[in-house]
Amino acid sequence: MPRARLLLLGLSLLATACGPADTSGGTGTCTDATNPSVPNVAPNPGFECGDPPTGWNGPLTGTLAVGTGRSGNAGKVISKTNAGEQVKITLASAEPVASTDLAGTWCVSAWLRGTGANGVVLLRRDLGGGSMLDEASFEPLTPEWKKFSHQASVSATDARLFVAAGMRAPKTGEYVEVDDVQVWKSPSGTCSER
């Protein structure tokens, strides 16, 4: 599976959070409590809260909406422009998924489907001083749901950790849907806990 590391300078993220006023409309929950001993720290991981989904930001070159998930809702991004080969159109966590006790192996998985050429899941490491490092895995997108996974070694000196999922080098009108995002710190270092 190809991996990419991209250094992003001066990245800023807007803040939105899935708060107590949000409801799932009876179709799901805004949190994932399936394995409390190794918690999923992704916000609104099934995209059941809000329209557009709360806890997530869409790209400036795309539209963020609610799509049809594997069960319930999914986050959906539709590209508004043709993008270059190294450009990613993603749903990104609005707030850090972790900002303390970062040292160790972090894992991300999400289910993706869409019309773009390549899907991506990534852990975005805030290195401090406005510098970000994306730890990403790319795979071909398909019209059927497909699980994408990635793991990264995170340093104790990293300031914060974000999560994102989407597509790389999309053309106008192409889309990606994302569902069931999981982000956790792996006690074993193997990402086998979830």
**Request:** List, in order, the whole-Hz ³J(HN,Hα) value for each residue of segment 49-65 obtained from phi through the Karplus relation with A = 6.51, B = -1.76, C = 1.60 and θ = phi - 60°; use x for Gly and Pro.
**Result:** 9, x, 9, x, x, 6, x, 10, 10, x, x, 5, 9, x, 10, 9, 8
**Request:** Grab the Cα-Cα distance for Lys171 and Leu127, subtract it from 0.36 nm times how many residues apart they are, and report the gain in nm with one decimal.
**Result:** 12.8 nm
**Request:** Using only the C-alpha atoms of segment 58-168, find the volume of their convex hull and express it per residue in Å³.
**Result:** 108
**Item:** Simple spin-label estimate for Glu193 and Thr34 in nanometres, 7 Å along Cα-Cβ
**Value:** 1.5
**Prompt:** So what J values fall out for segment 149-166 if you push phi through Karplus, 6.51 cos²θ - 1.76 cosθ + 1.60 with θ = phi - 60°, rounded to Hz, Gly and Pro as x?
**Reply:** 9, 7, 9, 8, 8, 10, 8, 5, 7, 5, 7, 8, 10, 10, 10, 8, 8, x
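By average Cβ neighbour count within 10 Å, what is the ranking of 139-146, 61-68, 128-135 from highest down?
Highest to lowest by the protection proxy: 61-68, 128-135, 139-146.
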**Request:** Subtracting the Cα-Cα distance from 0.36 nm times the residue separation, let me have the gained length for Asp101 to Ala156 in nm, one decimal.
**Result:** 19.1 nm
**Request:** With a 1.4 Å probe and every protein chain left in place, tell me how much accessible area Thr105 has, in Å² to the nearest 10.
**Result:** 30
**Message:** Could you compute Rg(Cα) / (2.2 N^0.38 Å) for segment 111-194, with N its residue count?
**Reply:** 1.18
**Prompt:** Which sequence of Asp180, Asp51 reflects their accessible areas, 1.4 Å probe, from the largest down?
**Reply:** Asp51, Asp180
**For segment 124-141, Karplus couplings with θ = phi - 60° (6.51, -1.76, 1.60), whole Hz, Gly/Pro x** = 9, 8, 7, 8, x, x, x, 9, 10, 10, 8, 9, 9, 10, 10, 8, x, 7
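The values are calculated or read from the model by the stated rules, or taken from the named source; none is laboratory data. Nothing here was measured: the structure is a model prediction, and the numbers come from that model. Neighbour counts are summed over all protein chains in view; Cβ atoms, including those assigned to glycine, are modelled from backbone coordinates with ideal geometry. These accessible areas exclude ligands, DNA and RNA; they are computed on the full protein's heavy atoms, side chains included. Shrake-Rupley method; radii C 1.70, N 1.55, O 1.52, S 1.80 Å.
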